[in-house]
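The structure appears below as structure tokens.
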Amino acid sequence: MSATASSNRAPIRIGVVGGTFDPVHVGHLQVAETVMDMLHLDRVLLSPTAQPWHKTARNLAPADDRVAMLKLALHDHPRLELTTVDIERGGNTYTIDTLRDLAAEFSSQIPGRSIDWYFITGADAIAALATWKSPEELLAMSTFIAVSRPGYKLSMPDVENEAAIRLLDISPNEVSSSAIRGKLHEGASIAGLVPDPVAEYIYAHHLYGAA
Ligand code: ATP
Ligand code: MG
């Protein structure tokens, strides 16, 4: 195919869900797949943070464990993919670096093909967007897709480029990693909140105080 023919093709549409995934749960998977279907995305990447930017007071499970659980979770969700760009870069994870690294990686992987990026967040995360590093640059690089999440109002954050943000009503799922960690500390069941192989991994590795 000639360069002209290839650059005339429609852009590839790639979604990214960034998060601590501590641990990955059914809500993450549902959000990723729902947005993939609603927006007809070609690919969706899940990107676990190296070291969180807003949870410095709390120790995360080791990156190796969070990645291992994501791999187990994605086994039954083959349309979703894992990227470890943030863990490989290390240090505090900023979404601007995630998007820059992914853009560089994919432009060398698929040269000459333009990519439309969609960064996917829950209502809680989008509410804080104005406090993220380089919000307007982020909105120039990627469309932001914010989905409803129980307990949070889905609304436009305080940014200039509102046109780059889409608020998407999806059927709510109440699950959160913090609630899962809380249940494990109390010895309560987490059945149905994470894929079964993830629960098995948590118990086998005694993560989050699981006995
Ligand atoms: P924690 O309770 O530790 O913050 P979490 O469940 O919020 O964990 P994160 O890894 O922090 O999971 O979230 C990654 C992204 O997924 C964020 O944009 C968050 O808003 C979104 N998300 C997570 N769970 C849900 C959910 N149940 N509904 C909608 N969005 C969600
Ligand atoms: Mg969170």
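The values are calculated or read from the model by the stated rules, or taken from the named source; none is laboratory data. These numbers were taken from a predicted model, which means no experiment stands behind them. Cβ coordinates were reconstructed from backbone atoms using ideal geometry, including for glycine residues, and neighbour counts include every protein chain displayed. Protein only, heavy atoms only, side chains kept; ligands, DNA and RNA dropped before computing areas. Shrake-Rupley method; radii C 1.70, N 1.55, O 1.52, S 1.80 Å.
Summary of computed values
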| read-out | value |
| --- | --- |
| In order through the range 26-43: 3J(HN,Hα) via Karplus (6.51 cos²θ - 1.76 cosθ + 1.60), integer Hz, x for Gly, Pro | 5, x, 4, 5, 5, 4, 4, 6, 5, 5, 4, 6, 5, 9, 6, 7, 7, 9 |
| Amide proton proximity set for Gly19, modelled H, under 5 Å, gap of 5+ | Ser47, Thr49 |
| Sequence of His28, His185 when ordered by accessible area, the most exposed leading, probe 1.4 angstrom | His185, His28 |
| Bridge type composition, the chain - antiparallel percent by DSSP, nearest 5 | 5 percent |
| Farthest toward positive dipole pole in the range 3-174 [+1 Lys/Arg, -1 Asp/Glu at C-beta], among Pro157, Leu167, Ser142 | Ser142 |
| Point-charge dipole on Cβ atoms (K/R +1, D/E -1) for the range 3-174, about Cα centre, debye to 20 | 140 debye |
| Residue-normalised accessible area of the chain, expressed per residue, 1.4 Å probe, Å² | 49 Å² |
| For Ser148, residues with placed amide H under 5 Å, excluding near neighbours | Leu168, Ile170 |
| Expected 222 nm ellipticity per residue - DSSP helices of 4 or more, -39500 (n - 2.57), all of the chain, to 500 | -11000 deg cm²/dmol |
| Accessible-area composition of the chain, carbon plus sulfur, in percent [1.4 Å probe] | 51 percent |
| ³J(HN,Hα) computed for each position of the range 113-119 - Karplus, 6.51 cos²θ - 1.76 cosθ + 1.60, integer Hz, glycine/proline x | 10, 7, 10, 9, 9, 10, 8 |
